[in-house]
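Here is the structure we will look at.
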Amino acid sequence: MSVPSQNASETALLEAAQVSKAWPFEEARKLVARLEKEGNPDREILFETGYGPSGLPHIGTFGEVARTTMVRHAFEVLAPGVKTRLLCFSDDMDGLRKVPTNVPNQEMLANYINMPLTKVPDPFGTHPSFGEHNNARLRAFLDSFGFEYEFASSTQYYTSGRFNQTLLKVLDKFDDIMMIMLPSLREERQQTYSPILPVSPKTGHVLLVPLVERNVEKGTVTYAEPDTGELVEVPVTGGHCKLQWKADWAMRWAALKVDYEMAGKDLIDSIKLASKICRVLGVNPPEGFNYELFLDHEGKKISKSKGNGLSIEDWLRYASPESLQLFMYQAPRTGKRLYFDVIPKNVDEYLAFLSAYPKQEIKEQLGNPVWHIHGGHPPQANMPISFALLLNLASACHAQDKSVLWGFIRRYAPDATPENLPKLDLLAGYAVNYFHDFVVPAKTYRRASDLEATALADLAGKLETLDHEKMTAEELQTLVYEVGKAHAFDNLRDWFRGLYEVLLGEEQGPRFGSFVALYGVKETAKLIRRALAGEDLSKS
């Protein structure tokens with residue numbers, strides 16, 4: 001592999017990348033080895049992700065593109081000067097097999113079952129077809145995150161002849177492909193299965209029918225029309241036929257020479273079949289890996305039809321896109337709960353990783369998720385307050401909007417404004433949304449025990465006599481700790497848990513000294529006195 005001349009920092013980066021244990025670099029090294037094995041180290045590398053536009057783009061679509069982009073960036077470090085492309089391929093010539101439950105005009109759509117998605121009218125009325133509507137949604141979705149990609153339409157590739165040569169090879173290797181596919185099918189399905197699906201000239205349907213005859217020399221197949229039994233001969237090329245999805249996947253890999261594509265763990269067997277078909281077509285299948293599926297709050301697999309997961313719109317109401325990318329980056333081979341309660345942790349972990357990045361050596365930086373989230377160029381960290389702390393502040397002051405939080409933030413960080421810290425302004429808005437939608441319904445205040453009441457009164461008295469303007473968050477934390485220590489708590493964790501349960505109606509939170517510094521020393525003393533007087537703290 002020819003390497004352009006490098007300076008010392010680029011050399012150090014390459015050396016660190018070659019041994020990095022971060023999973024995107026481990027994946028990227030597969031591609032370096034692929035090129036070396038081919039003896040063609042400088043050719044372009046093609047990454048691909050697939051999208052089924054029978055439904056709207058979802059969080060899994062985002063995850064696949066985000067993770068593939070991370071591998072792409074890692075490869076570009078390992079192979080400087082080698083060109084790469086990311087192709088986001090929409091299988092929009094697939095037949096509509098059922099009506100989605102989350103779109104309008106469902107009765108109308110029911111009349112177009114088995115039609116190619118780009119021949120189904122758009123139920124939203126904004127595009128020429130349902131497929132084109134969903135493609136536009138996908139592109140807008142990806143563009144909003146700044147992904148660098150090329151869009152590809154299955155309909156356009158089939159009808160333009162882009163796939164013709166490989167489709168003719170599929171026809172030629174039909175028996176070999178059947179030998180691969182048939183053992184994976186139930187006996188009943190084996191009787192009617194064909195990897196080649198004719199598109200009926202009569203109805204326009206993508207037909208799931210057995211083939212009566214194949215003519216390799218003419219490049220045609222013959223089938224019987226389901227309604228009339230009439231024998232119809234159609235070319236396999238030019239969009240007159242569509243392949244079954246596993247064969248289609250393999251054909252696409254072979255036709256486009258795809259080098260890398262990842263997929264969910266549920267598709268491991270499908271990848272094995274598609275890889276065998278790809279080899280039959282004379283092309284090595286792409287590199288890739290299988291990520292684990294997301295789980296709901298009960299540990300069950302997320303299902304689009306059940307709606308038991310978290311949508312990307314949901315996440316972005318409560319947190320930044322970067323925090324979502326962190327969720328996608330971490331432990332992709334491990335099943336993870338994708339539910340609302342994971343959001344605060346991911347927000348603050350992202351901020352912690354971002355803050356740590358400038359202090360790290362290059363080896364640690366390449367293992368830091370923010371390197372991969374930001375393509376090797378993380379922004380400067382400038383967030384004086386954690387998300388968890390903002391949530392507790394919102395809880396204490398019953399914030400209705402972020403302007404209320406800013407009143408406290410300015411006291412904690414006098415130079416901070418929404419204008420010079422726009423990310424903090426966004427974080428405050430996320431905190432208010434999350435507080436109202438999830439914290440308020442789950443709040444459970446309780447009265448202090450006798451021991452807690454004595455300690456709380458002691459703490460309030462000390463706070464009331466402090467020169468609060470000179471106390472740091474760390475000093476306040478020490479004060480709270482010493483008060484707890486002075487009373488007969490079996491475990492100081494019980495003291496801190498009691499503070500949150502009695503004063504904020506929650507079981508846990510960030511360091512209480514930081515909360516006091518943000519909320520205010522005198523304000524915290526007043527909050528304690530209200531609790532001790534038996535007031536309802538759920539009301540402002």
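Structure above, values below:
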quantity: Candidate lysines - alpha carbon under 22 Å from residue 272, same-chain residues fewer than 8 apart omitted; calculated: 30, 37, 169, 173, 242, 246, 257
quantity: Values of log10 I(q)/I(0), in the order q = 0.14, 0.19 Å⁻¹, for region 191-345 under a Debye, Cα-only, solvent-free model; calculated: -0.86, -1.09
quantity: Two-decimal Rg/Rh across the chain, once Rg and the Kirkwood Rh are taken from alpha-carbon atoms; calculated: 1.08
quantity: Segment residue 472-residue 426, length gained on full extension (0.36 nm per residue, minus Cα span); calculated: 14.0 nm
quantity: Share of Cα-Cα pairs in region 175-239 lying beyond 17 Å, as whole percent; calculated: 42 percent
quantity: Spatially proximal aspartates and glutamates relative to residue 21 (Cα-Cα < 13 Å; intrachain offsets below 8 disregarded); calculated: 364
quantity: Antiparallel bridges, percent of DSSP beta bridges restricted to the chain (to nearest 5); calculated: 45 percent
quantity: Separation of alpha-carbon centers, region 439-490 and region 209-233, rounded to whole Å; calculated: 81 Å
quantity: Principal-axis tilt of helix 8-19 within the chain, Cα atoms, nearest 10 degrees; calculated: 70 degrees
quantity: Positive minus negative residues near residue 455 (Lys, Arg vs Asp, Glu; Cβ under 12 Å); calculated: -3
quantity: C-alpha center-to-center spacing [region 313-337, region 9-73] in angstrom; calculated: 19 Å
quantity: Descending principal axes extents, region 388-540, alpha-carbon based, whole Å; calculated: 47, 36, 25
quantity: Cut-off 13 Å between beta-carbons: net charge of the residues surrounding residue 327, Lys and Arg +1, Asp and Glu -1; calculated: -2
quantity: Expected-Rg normalisation [2.2 N^0.38 Å, Cα atoms] applied to region 350-467; calculated: 1.37
quantity: Residue-averaged 222 nm ellipticity for the chain, from DSSP H runs of 4+ at -39500 (n - 2.57), nearest 500; calculated: -14000 deg cm²/dmol
quantity: Accessible area, probe 1.4 Å, largest first, for residues 417, 69, 159, 101; calculated: 101, 159, 417, 69
quantity: Trypsin sites (Lys or Arg not before Pro) restricted to DSSP loop in region 174-211 with at most 16 other C-beta within 10 Å; calculated: 186, 202
quantity: For q = 0.11, 0.17, 0.20, 0.27 Å⁻¹, Debye-computed log10 I/I(0) when each Cα of region 81-160 counts as one equal scatterer; calculated: -0.33, -0.71, -0.91, -1.29
quantity: Residues in region 38-79 reached by a label modelled at residue 266 [backbone nitrogen below 17 Å; 7 Å Cα→Cβ]; calculated: 50-65
quantity: Loop trypsin sites (Lys or Arg not before Pro), region 491-529 (other Cβ atoms within 10 Å of the site Cβ: 15 or fewer; DSSP); calculated: none
quantity: Above-threshold pairs, the threshold being 25 Å between Cα atoms, out of 443/470; 336/363; 98/301; calculated: 443/470; 336/363
quantity: Lys, Arg +1 and Asp, Glu -1 on Cβ, resulting dipole of region 149-295 about Cα centre, debye, nearest 20; calculated: 260 debye
quantity: Local electrostatic count at residue 232 - Lys and Arg +1, Asp and Glu -1, tallied over other residues with Cβ under 13 Å; calculated: -4
quantity: Degrees between helix 473-486 axis and first principal axis of the chain (Cα, 0 to 90, nearest 10); calculated: 70 degrees
quantity: Over region 470-540 - Rg/Rh using Cα atoms and the Kirkwood inverse-distance radius; calculated: 0.95
quantity: Rh by Kirkwood over Cα pairs, then Stokes-Einstein D for region 23-151 at 1.567 mPa s and 4 °C, µm²/s; calculated: 79 µm²/s
quantity: C-alpha long axis of helix 387-397 to longest principal axis of the chain, angle in °; calculated: 50 degrees
quantity: For region 253-388, alpha-carbon Rg over 2.2 N^0.38 Å; calculated: 1.29
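The values are calculated or read from the model by the stated rules, or taken from the named source; none is laboratory data. Predicted model, so just to flag it, every value in this text is computed and none were measured. Ideal geometry is used to build each Cβ from the backbone, glycine not excepted, and the neighbour counts take in all protein chains shown. SASA here: full protein model, heavy atoms, side chains in, ligands and nucleic acids out. Shrake-Rupley method; radii C 1.70, N 1.55, O 1.52, S 1.80 Å.
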